[in-house]
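The values are calculated or read from the model by the stated rules, or taken from the named source; none is laboratory data. Computed from a predicted structure; not experimentally measured. Cβ placement follows ideal geometry from the backbone for every residue including glycine, while neighbour counts extend to all protein chains displayed. What goes into the accessible areas is simple: the full protein's heavy atoms, side chains included, and nothing from ligands, DNA or RNA. Shrake-Rupley method; radii C 1.70, N 1.55, O 1.52, S 1.80 Å.
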Amino acid sequence: MGELRGIAEPLGGTLDIVADPAGLAADLAQAVGSWLEKDIANLYLRVWTPRSVRVTRLHQVSPFLSDVGAPWPGPNRNTVDYLLGSLGAEGRQFDLRLALPCEEPGTEILGARLGLVLRAPAGDGADSDDVHAQCDVPVVWRDGAEL
């Protein structure tokens, strides 16, 4: 079962059983067709953190649960890129966990900056990656009574 999941999930599929064996060819054609509709390849989630913060976990949680794998080196030592694979029209959600230093209540920092990056293929002469979207992750320490 693990081998099938390893094939299905990166292609955006599931491990649903075939409802009707006679429909296997049509089901396979539909699955391959939806995979071929992915129109953006080499897409990465770029995570920048200040020196005092580190990423402890990043997993995709929707449309299916998936480990995004080990980070790739980013453009500087505070930045890493996680390969997202190919992307079509589907939405994705991620669980990002950070290890932060202890601070006084009311302290606010920029915990991370996230970006969707389209990396230029190796050898094409491009000087930089194309950042398509970016957002900041602010962090505010609160007193336990405020939670």
Would you kindly find the accessible area of Leu116, with a 1.4 Å probe and non-protein molecules such as ligands, DNA and RNA excluded, rounding to the nearest 10 Å²? 60 Å²
What do you reckon, how do Arg57, Arg119, Arg77, Arg97 stack up by accessible area (1.4 Å probe), largest on top? Arg77, Arg97, Arg57, Arg119
Along the Cα→Cβ direction, 7 angstrom out, place labels at His132 and Leu110. What is the inter-label distance in nm? 2.3 nm
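Evaluate E = 1/(1 + (r/R0)^6) for His59 and Ala89, where r is the Cβ-Cβ distance and R0 equals 22 Å; express this FRET efficiency to the nearest 0.05.
0.50
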